[in-house]
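Participant: Below: one structure in structure tokens.
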Number of protein chains: 2
Amino acid sequence: MTPSGKLPRVVILGCGFGGLFAAKSLDGAPVEVTVVDRTNHHLFQPLLYQVATAGLSAPAVAAPIRNILASQSNATVICGDVQRIDMARRAVVLDGDDEIAYDQLIVATGATNSYFGHNEWEQHAPSLKTLDDAYEIRRRVLLAFEHAERETDLAKRAAWLTFVVIGAGATGVELAGAFAEIARHTLRGEFRRFDPRNARIVLVEGSDRVLPTYPASLSEQARLQLESLGVTVWLGRQVTGIDERGVQMGGDTLVAHTVVWAAGVAASPLGASLEVPRDRAGRVIVGEDLSIPGHPEVTVIGDLATLPWHQPPVPGIAPAAKQMGSYAAHKILQQLKGQSVAPFCYKDYGMLATIGRNSAVAVLGKVKLSGYPAWLLWLIAHIWYLIGFRNRIIVMIDWAWAYWTFERSSRIVTGERRRP
Amino acid sequence: MTPSGKLPRVVILGCGFGGLFAAKSLDGAPVEVTVVDRTNHHLFQPLLYQVATAGLSAPAVAAPIRNILASQSNATVICGDVQRIDMARRAVVLDGDDEIAYDQLIVATGATNSYFGHNEWEQHAPSLKTLDDAYEIRRRVLLAFEHAERETDLAKRAAWLTFVVIGAGATGVELAGAFAEIARHTLRGEFRRFDPRNARIVLVEGSDRVLPTYPASLSEQARLQLESLGVTVWLGRQVTGIDERGVQMGGDTLVAHTVVWAAGVAASPLGASLEVPRDRAGRVIVGEDLSIPGHPEVTVIGDLATLPWHQPPVPGIAPAAKQMGSYAAHKILQQLKGQSVAPFCYKDYGMLATIGRNSAVAVLGKVKLSGYPAWLLWLIAHIWYLIGFRNRIIVMIDWAWAYWTFERSSRIVTGERRRP
């Protein structure tokens, strides 16, 4: 109880993995929870690339937040844009100047994409963070093939049939692998004026290997699997420009009408309003209990937080965000009881990245897997962790269907059609 | 064969039910078929209202045209906007001034919505024709409840919780019934500051009964079923204005932030470029073989055509468009053999409209059904006719799940968020 006799108010900003696990960990606790998110849904981010590549429908990877939390009677869900955090008054200011007061604040607004100071590249090379981003990428990729069918000039057609993914982290690798499958398998036999198998998928990476956060041997395995799927992998190439013609790398131009950006991540701009030290990517430097200096009532978790004191470093992946969310909830409840907590400690269950059909890499402690066993593990893990029983069934059917038929279930284009 | 020795070129504009059935009926025939559509997908229009009401995902009711026609080797699919038809030169002009020459043209571009000269109403009251329309309606309906949760002023909250559907044809009835289910069942228990069951769904109709094209006794059954679902039905009310406050009917204003237009239909504007007589709704008046006066090589089918010589009148529903599509293909093939065809004759298999869970009405010749038997018939018919084996399975699972749980699978909001 607070001095006023009311239940302590815990406000959670953002309902990704971190925010959702914080909220759920407070179920039944003597606190009032308010979850604020810009959208109405929790997004299962690890499968978002499948929406962008027409493998799954958007509702299969997203669940309404208020449905997930419906039976948690101490939780209120608010759909709103956070404008700023007023730490002096302990209030969050939303769009329309609505205010929500807090006793404890958990900031879990995650990361957005960074074009390294070249925001003008975004219109030519969208990136993948939200469902709207996924629709946009799906639209561009599917319509590029449609344009190629209409184009009679061979050079112009080749530009429509060249797909560039910039950045070979997990998202870039997944996208490039899926684009190759679309061209080689899904669309086979559907065009009369060209063979979609001749489409060129180029994965461009600035460092000297794909999946740079993985062990070097797995990076090499991943590169070989990508190439066997038909992806051209260019390593050690720095992008110096992107425009309507294509991608510039130093003096060379790769002519392409469809470019996707998977290279840079920056922390949510809300981090800046906390007025505490941040790292180069804008992530908030948090203490051992994930709070910020001078404000024990403000906890920052997930991709927005950086933990320089933690060894080995905590990766920016879903399991880390979930663990921080649960920890933040636990810490708040312990503090209410007047008890202290041990520092946050990340428990590493491993990392998984998929490349395509039967292709993936995985690290589980000292065990490294690649190819079919890694892919099977990836499949099971992602279905297991997908929020919502119904989504799991739909995703399993979609995947089983796609596996046997090579079709992709969500090949529809909506929104404005792009002109050549 | 044409005089030049090439195969006759049949160009089909629009790939709704009419265009798709015309194309499929030409499979294997000695003609070159080109199908032109603005989108990349055939839309199963009878279930579009379920996308708008969060019951189904968009990919469940749409299938890529080139996938449907992949194995039909005489068919080419072009994704493009038809700008005009040059009948003197027998060519179709697309966006970008691409041209497609034809020997036989089938125009099947259907209908669009009409605001009876009040296009300024559209921004306040979107209508339902495309997947983008369905997303827009879904977004407005779901976000209205989100706004209501944030609103503390009771009158303002009531405006967010009032949903108006204008026009009580099949689409209007289906939308109103689904909105009522969302409010009464789907969202129950998910809001903390109001009870969604208190939302008000108003169905406004200008004539004196709902489903005016159905027998009067079924109209009355439908009205009773709507009211038992919680829909307020206002008959004989003329809408005189729609703006950001709500709907004006004479001197009265119904205050509502969410209004959907299901009242008027107008033929596709492409009909005007044919320069032949049209009816008041812009539909092209066709002869007994569905061709237009002076141009036996131009056939108009589906919702774009009107057949004043046909008794009883041909309704603007999917089975009629399909029959016209098959007839047009048959006619063209007979003419190539130098044979004539009998006039088009619509075979009436009946009409079905659904209202909600266990609620529907149906006319099958002289048999009239309503309630549960009609609903079961509707369910079977719609799954049966849904294009694509996979879509049928997904839809069945979604429906079975929704039936038992009252949940709706596609409750996600994408695109720009509307402000109060």
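Every number in this text was worked out from the coordinates using simple rules, so none of it is lab data. Just so it is clear, the model here is predicted, and its values are computed rather than measured. Using ideal geometry, Cβ is built from the backbone for each residue, glycine included, and neighbour counts are taken over all protein chains shown.
Participant: Checking the cross-link filter: which lysines have an alpha carbon closer than 16 Å to that of A:Lys322, excluding same-chain neighbours under 8 positions apart?
Facilitator: Filter leaves A:Lys24, A:Lys331, A:Lys347.
Participant: In the neighborhood of A:Val284, defined by Cβ-to-Cβ distances under 11 Å, what is the net charge if each Lys or Arg adds +1 and each Asp or Glu adds -1?
Facilitator: Details: positive: A:Arg278, A:Arg283; negative: A:Glu275, A:Asp279, A:Asp303.
So the environment of A:Val284 carries a net charge of -1.
Participant: Would you mind listing the distances between the A:Ile397 label point and the same position in each other copy? Use 7 Å along Cα-to-C-beta, nm, one decimal, shortest first.
Facilitator: Here the equivalent label points are 0.5 nm apart from this one.
Participant: So how far apart, in nm, are the two label points at A:Gln311 and B:Trp309 if each is 7 Å from Cα heading toward Cβ?
Facilitator: Here the modelled spin labels are 9.1 nm apart.
Participant: Restricting things to alpha carbons, find the Rg to Rh ratio for the range B:279-420 using the Kirkwood radius for Rh. Intermediate values should be presented prior to the final figure.
Facilitator: Working: Rg = 20.1 Å, Rh = 18.4 Å.
Rg/Rh: 1.09.
Participant: Moving on to the next point. Looking only at the range B:119-263, where both bridge partners belong to it, what percent of the DSSP beta bridges are antiparallel (to the nearest 5)?
Facilitator: Details: 7 of 21 bridges.
The answer is about 35 percent antiparallel.
Participant: Expressed in whole Å with the largest first, what are the equivalent ellipsoid semi-axes of the protein assembly as shown derived from the C-alpha gyration tensor as the square root of 5 times each eigenvalue?
Facilitator: Numbers: eigenvalues 460, 262, 94 Å².
That gives 48, 36, 22 Å for the three semi-axes.
Participant: Let's test the formula: R0 of 30 Å, r as the Cβ-Cβ distance of A:Arg245 and A:Arg188. What FRET efficiency results, to the nearest 0.05?
Facilitator: Numbers: r = 29 Å, r/R0 = 0.95.
The value I calculate is 0.55.
Participant: With each run of n ≥ 4 DSSP H residues scored as -39500 (n - 2.57), what mean residue ellipticity at 222 nm is computed for chain A after dividing by its residue count and rounding to the nearest 500 deg cm²/dmol? Write out the running numbers ahead of the final one.
Facilitator: Numbers: 10 runs with 121 residues, N = 420.
So the helix-based figure for chain A works out to -9000 deg cm²/dmol.
Participant: Check the axis relating chain A to chain B and name the residue of A whose C-beta is nearest, distance in whole Å.
Facilitator: So the chain A residue sitting closest to the axis is A:Ser57, 2.
Participant: Looking only at B:Gly388, B:Gly302, B:Gly96, which one moves most when chain B is put into a Gaussian network model with springs between Cα atoms under 10 Å?
Facilitator: Largest GNM mean-square fluctuation: B:Gly96.
Participant: Taking H placed 1.01 Å from N in the peptide plane, check which residues at least 5 places from B:Ala111 or on another chain put their amide H under 5 Å from its amide H.
Facilitator: So B:Ala111 has HN proximity to B:Ser268.
Participant: Compactness ratio of chain B: Cα Rg over 2.2 N^0.38 Å, N = residue count? Intermediate results must be reported in sequence, preceding the final value.
Facilitator: Numbers: Rg = 22.4 Å, N = 420, 2.2 N^0.38 = 21.8 Å.
Ratio of Rg to 2.2 N^0.38 Å for chain B: 1.03.
Participant: Now a separate question. For the range A:119-263, just run the numbers: alpha carbon Rg, then divide by 2.2 N^0.38 Å, N being how many residues it has.
Facilitator: Details: Rg = 14.6 Å, N = 145, 2.2 N^0.38 = 14.6 Å.
The value comes to 1.00.
Participant: Throw me the Rg/Rh for the range A:68-175, computed over C-alpha atoms with Kirkwood Rh, two decimals. Mind showing how you got there, number by number?
Facilitator: Details: Rg = 21.1 Å, Rh = 18.3 Å.
Rounded to two decimals, Rg/Rh equals 1.16.
Participant: Right, here's the next one. Only counting other Cβ atoms within 10 Å, I'd like A:Tyr346, B:Tyr372, A:Tyr327 sorted with the fewest neighbours first.
Facilitator: Working: A:Tyr346 17, B:Tyr372 12, A:Tyr327 24.
Lowest count first: B:Tyr372, A:Tyr346, A:Tyr327.
Participant: Related question: Compute the FRET efficiency between B:Ala381 and A:Ala272 as 1/(1 + (r/R0)^6), taking r as their Cβ-Cβ distance and R0 = 41 Å, and round to the nearest 0.05. Let's see the in-between values first.
Facilitator: Working: r = 57 Å, r/R0 = 1.39.
With a Förster radius of 41 Å, E is 0.10.
Participant: Another question about this same structure. In whole Hz and in residue order, list the ³J(HN,Hα) couplings for the range B:190-198 that follow from phi through the Karplus curve 6.51 cos²θ - 1.76 cosθ + 1.60, θ = phi - 60°; x for Gly and Pro.
Facilitator: Once θ is set to phi - 60°, the couplings for the range B:190-198 become 9, 10, 9, 10, 7, 9, x, 5, 7 Hz.
Participant: Here's another thing I want to ask about it. How much net charge surrounds B:Val93 when only the other residues with a Cβ under 12 Å from the Cβ of B:Val93 are counted, with Lys and Arg +1 and Asp and Glu -1? Spell out each step's value before the answer.
Facilitator: Details: positive: B:Arg84, B:Arg89, B:Arg90; negative: B:Asp81, B:Asp86, B:Asp95, B:Asp97, B:Asp98, B:Glu99.
Once all neighbours under 12 Å are counted, the net charge is -3.
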